[in-house]
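Notes follow once the structure below has been shown.
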Amino acid sequence: MTVRIGLIGCGVMGTDHAMIIGQQLHGAELAMVCDADASRARVAAEQAGCSRIEGDPLAVINAPSVDAVLIASPDQTHGPLTLACLAAGKPVLCEKPLSQAASECEAIVESEVKRGRRLVQVGFMRRFDPSYVEMRQAVLAGIIGRPLMLHCFHRNVAAPDWFTGQMAITNSAPHEFDIARFLLGGELVAVTAFQPALRREKGGVAPVFMVCETAAGQLVNIEINNNAGYGYDVRGEIVGERGAVSMAAPAGSTLDLHLSHSVAYAADWRPRFAEAYRRQNQAWVNGIASGTSAGSSAWDGLCATLVAEAAVQSLQTGQRTPIRIPVRPGLYDHS
Ligand code: ISE
């Protein structure tokens, strides 16, 4: 079976997904591409040998020639388009976040529970990153003892001037919210968010620093720094009662020159997590072909958005803010 994929959104991530589908996946093809800008759609489609361009996302979702949908359009469209995929009975891989509003995530969960099977995978690709997988395996094997703390850095080179601390939480930080749940195997139940003072002339968004507490009494600190300046740098370390396990970022080479030894940073998340995206998308396609599901579910998407909403509230109030996670439906017990 070749899974015929409809792609919605041809910005930075959509274009990258088109390349992955066309050049790296087995058992899938790009059947239709949609973007409001037809020229962007054509560029993305050409990377995958696709000739079907569409301007209406619902036409893609409901097309008989499309078996599954990949949503890579702007964040605020993710919820409604995912609901439209469920209404059409089509498997969907939705880029993170599932929605910026927990209420939309809840509607998606409710729709899936009524249907009685998972159709939604959320694009938290770090669960497929080899380094994070090894860290999770170390926790499951008990190698470092009971995990006590998780330290997370998430640094981008630069963000546009309109990028805000709230966006750092709702757009960038969901990766850490989801990977913390994946690595520690539990829920986040409270969050306190801070920002350091920047020199006025510096401009741009200041880093956001969060301390999350888990239901098991562990601590997770998360630095989101969208204007780090030096490189795309994501790090993680789990500290246990007997040891620690840290992420090892992939490096193609090291350079020895002028009395220095160096490793280059990626410019952004696409090269840094290229293998994670490939594995995530291949797992999605394999799941569709075999009638199973993979990766982060709509429930995981809801939990990440609930954490984000609480973190935004904490940043606004300066208070420690509880995260109210509802009872998980049985549909998601083993996903
Ligand atoms: C972007 O959407 C991503 O998913 C990247 O992983 C993250 O580093 C970046 O900050 C987000 O804007």
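Screening residue 156 on (1) under 23 Å from residue 101 (Cβ atoms); (2) crowded, with 18+ Cβ neighbours inside 10 Å; (3) in contact with a strand residue (DSSP E or B) (Cβ under 7 Å, 6 or more places away or on another chain) shows it passes everything except condition (1).
Yes/no matrix, rows are residues, columns are (1) assigned to a loop (DSSP other than H, G, I, E, B); (2) closer than 18 Å to residue 81 by Cβ; (3) away from the ligand (no atom under 16 Å from the Cβ); (4) at pLDDT below 95:
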site	(1), (2), (3), (4)
6	no, yes, yes, no
10	yes, yes, no, no
14	no, yes, no, no
21	no, yes, yes, no
42	no, no, yes, no
51	yes, no, yes, yes
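All of (1) within 25 Å of residue 299 (Cβ to Cβ); (2) surrounded by fewer than 18 Cβ atoms within 10 Å (Cβ to Cβ) hold for residue 174 with one exception: (2). Looking across the stretch 14-34, just one residue is out of contact with any helix residue (DSSP H, G or I) (no Cβ under 7 Å at 6 or more places or on another chain) and among the polar types (S, T, N, Q), and that is 23. Taking the stretch 158-169 as the range and being more than 10 Å from the ligand (Cβ to nearest atom) and touching a residue at least 12 places away in the same chain (Cβ under 8 Å) as the test, the residues that pass are 158, 161, 164, 165, 166, 169. Counting only strands (runs of 3 or more DSSP E) wholly contained in the stretch 215-329, the ones carrying 3 or more residues that are within 16 Å of the ligand (Cβ to nearest atom) and within 22 Å of the chain's Cα centre (by Cα) occupy 219-225, 233-240.
Quick check: is even one residue across the stretch 189-198 within 15 Å of the ligand (Cβ to nearest atom) and either closer than 15 Å to residue 237 by Cβ or in a loop (DSSP other than H, G, I, E, B) (or both)?
First, the residues of the stretch 189-198 that are within 15 Å of the ligand (Cβ to nearest atom): none.
Among the residues of the stretch 189-198, not one is within 15 Å of the ligand (Cβ to nearest atom) and either closer than 15 Å to residue 237 by Cβ or in a loop (DSSP other than H, G, I, E, B) (or both), which makes the answer no.
Elements of the type strands (runs of 3 or more DSSP E) sitting completely within the stretch 64-182 and holding at least 1 residues that are acidic (Asp, Glu) and either in contact with a helix residue (DSSP H, G or I) (Cβ under 9 Å, 6 or more places away or on another chain) or modelled with pLDDT of 95 or more (or both): these cover 92-95. Taken together, the criteria place residue 217 among residues that are of a type outside the set (A, V, I, L, M), at positive phi and loosely packed, with under 14 Cβ neighbours inside 10 Å. For residue 202, the criteria (1) surrounded by fewer than 18 Cβ atoms within 10 Å (Cβ to Cβ); (2) modelled with pLDDT of 95 or more; (3) farther than 18 Å from residue 273 by Cα; (4) of a type in the set (D, E, K, R) hold in every case but one, which is (2). Can you name every residue in the stretch 296-314 that is in contact with a Gly (Cβ under 9 Å, 6 or more places away or on another chain) and either surrounded by fewer than 23 Cβ atoms within 10 Å (Cβ to Cβ) or β-branched (Val, Ile, Thr) (or both)? Across the stretch 296-314, the qualifying residue is only 312. Summed over the stretch 92-112, residues that are surrounded by fewer than 24 Cβ atoms within 10 Å (Cβ to Cβ) and closer than 14 Å to residue 293 by Cα total 1. Output the number of the condition that residue 186 fails; it satisfies all remaining conditions of (1) out of contact with any helix residue (DSSP H, G or I) (no Cβ under 7 Å at 6 or more places or on another chain); (2) within 16 Å of the ligand (Cβ to nearest atom). Result: residue 186 fails condition (2) only. All conditions in (1) closer than 16 Å to residue 172 by Cβ; (2) among the β-branched types (Val, Ile, Thr); (3) modelled with pLDDT under 95 hold for residue 224, with the sole exception of (3).
The values are calculated or read from the model by the stated rules, or taken from the named source; none is laboratory data. A quick note: this is a predicted structure, and the numbers were derived from the prediction, not measured. Positions of Cβ are backbone-derived with ideal geometry, glycine not excepted, and every protein chain shown enters the neighbour counts.
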